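The values are calculated or read from the model by the stated rules, or taken from the named source; none is laboratory data. Computed from a predicted model, the values in this text were never measured in an experiment. Every residue, glycine as well, gets a Cβ built from its backbone with ideal geometry; the counts of neighbours run over all protein chains shown. Accessible surface is based on the protein model in full, side chains and every heavy atom, while ligands, DNA and RNA are left aside. Shrake-Rupley method; radii C 1.70, N 1.55, O 1.52, S 1.80 Å.
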Amino acid sequence: MATKDQPEKDQAAHSTPTPQSNDTQARVLQAERRDFVDLVPEDRERVQPMKGFDPIYTDIVDYIIRCTHRIWDERDVGLIYTHYTHNCVVYSALGTTYTREEVVQGTIQRMFMLPERRGMATQVIWNGNEDDGFYTSHLVTGTGRHTQLGIYGKPTGRTFVARTIADCMVYENMIYREWLVVDTMAQVKQIGLDPQAYAENLAKGYFDKGLLAVDMGENRRLIGQYPPESKPDTAIANTDLEREVLEWLHEIHNKRMFGKIRDVYAPTVQYHGPLMKELYGHGAVTHQTVGLYSSFPDGFYMPQHICSQPCEEGGTKVAVRWLIEGHHLGWGVFEELGAPTGKRVQIMGMSHFHIKDGRIVDEWTNYDEMSVLMQVKLAQMADRDSAVLVEGEG
């Protein structure tokens, strides 16, 4: 859910730890070409000092993949008490939690509802070190079946495949801040639920607590009557390539120079998007991007964090966490929103780019249309409540 103080909370993530040497980076595990048993080795020596981490973990990628597997697949939920701080903050596309106990409770409930779900590590992009802490961006492809009661209601028995990206700040075995984007809309549609009813139910939970979205009426895209900012803020970049990526993104998303896609994406690019979309080529990526801003024509794209790692497949993998703030003013790729409502929304998204020879050959982008639909529903509930109050006063 959109919160006006979100950008302030993210400022701590801008102070990025110093990357490790190229030799150390080369020896750290990568998920793309290895079988699972090779990603959680039994007799591997540590390739990073990992000060303060449990002895079982040999590097930061091993830590992220192995602890996720131990908690979710081996059902050792109690590991959360040794892998999350008591006051960890988890920002998700559907709300924010502020305590470790909430993480434990949410894990147990989701584990019961979807007992057959398995999350397969697609890739982990990271930076940092054991002295300053690590930042990781973990792309997971989850498969499962809806077989039990829970927040999705009566089980339908239908299967689903959906992507999740989790960005974590980790220090001495403990995750103390996490950003989580689950493609809930993909899951809801595939298991046969009504997205409108589900979003309405989510919004009602916030509305009943008095948590209403605040529409400020403008965003950073247009300052007064000036055109979009001519240059991006590259202060969060750690390398020349990361600065270049931020410049590309600013030109495409904020300056609306969609033709730039032909220059920075390979002609054979594959786009792996929300709702498990698999698109190919310049035209498809351009149409997807245009459709995003057709829904939110005043949307402003704000990168929050960026990190990168050389890739065993060649080139470099780059992870970007971002926000878009804007108003629902048009028709576009957000199919469930329907006719423009004018409501203000905040979209939290994450993208992984594979760059080879100066061009993007693969993009994995995740945002949750369910979160956006819920925000619109919540704003409409606030409108109805205000109308009732006005009529009552009359």
To the nearest 500 deg cm²/dmol, what mean residue ellipticity at 222 nm is calculated for the chain from DSSP H runs of n ≥ 4 alone, each contributing -39,500 (n - 2.57), summed and divided by the residues?
-9000 deg cm²/dmol
Report the equivalent ellipsoid semi-axes for the chain in whole Å, largest first, defined as the square roots of five times the eigenvalues of the gyration tensor built from alpha carbon atoms.
33, 27, 20
Based on the mean of other beta carbon atoms within 10 Å per residue, what is the order of 283-290, 337-344, 160-167, 372-379, most packed first?
372-379, 160-167, 283-290, 337-344
Rounded to the nearest 20 debye, dipole of the chain from Cβ charges on Lys, Arg, Asp, Glu
720
Taking only the Cα atoms of the stretch 88-193, how large is their convex hull per residue, in Å³?
96
GNM on the chain, C-alpha springs below 10 Å: top fluctuator among 180, 94, 211?
211
Of all the accessible heavy-atom surface of the stretch 234-349, with the other protein chains kept in place and a 1.4 Å probe, what percent is carbon and sulfur?
53
How big is the accessible area of residue 176 in square angstrom, nearest 10, if you roll a 1.4 angstrom probe over the protein chains?
80
Of the listed pairs 260/317; 189/260; 277/377, which have alpha-carbon separations greater than 23 Å here?
189/260; 277/377
For residue 311, what residues show an amide H to amide H distance below 5 Å, using hydrogens built from the backbone and excluding near sequence neighbours?
316, 317
Round to the nearest 10 and report in Å² the accessible area of residue 282, as given by a 1.4 Å probe over the protein chains' heavy atoms.
40
Quote the FRET efficiency, to the nearest 0.05, computed for residue 45 versus residue 108 with a Förster distance R0 of 30 Å and r equal to the Cβ-Cβ distance.
0.30
For the chain, the helices passing both cut-offs (Cα extent along own axis of 27 Å or more, Kyte-Doolittle mean at least 0.0, full DSSP H runs) are 369-393
Cα-centre dipole for the stretch 269-332 with unit charges at Cβ (Lys and Arg positive, Asp and Glu negative), debye to 20:
40
Apportionment of accessible area to carbon and sulfur, the stretch 85-175, percent (1.4 Å):
55
With unit charges on the beta carbons (Lys and Arg positive, Asp and Glu negative) and the dipole taken about the Cα centre of the chain, which residue among 186, 106, 299 sits farthest to the positive side?
186
Take residue 204 and residue 335, extend 7 Å from each Cα along the Cα→Cβ direction, and tell me the distance between the two endpoints in nm.
2.5
About its Cα centre, the stretch 175-313 carries a charge dipole, from +1 on Lys and Arg Cβ atoms and -1 on Asp and Glu Cβ atoms, whose size in debye to the nearest 20 is 320
What is the diffusion coefficient of the stretch 65-113 in µm²/s, taking the Kirkwood radius over Cα pairs and the Stokes-Einstein relation at 37 °C with a viscosity of 0.692 mPa s?
294
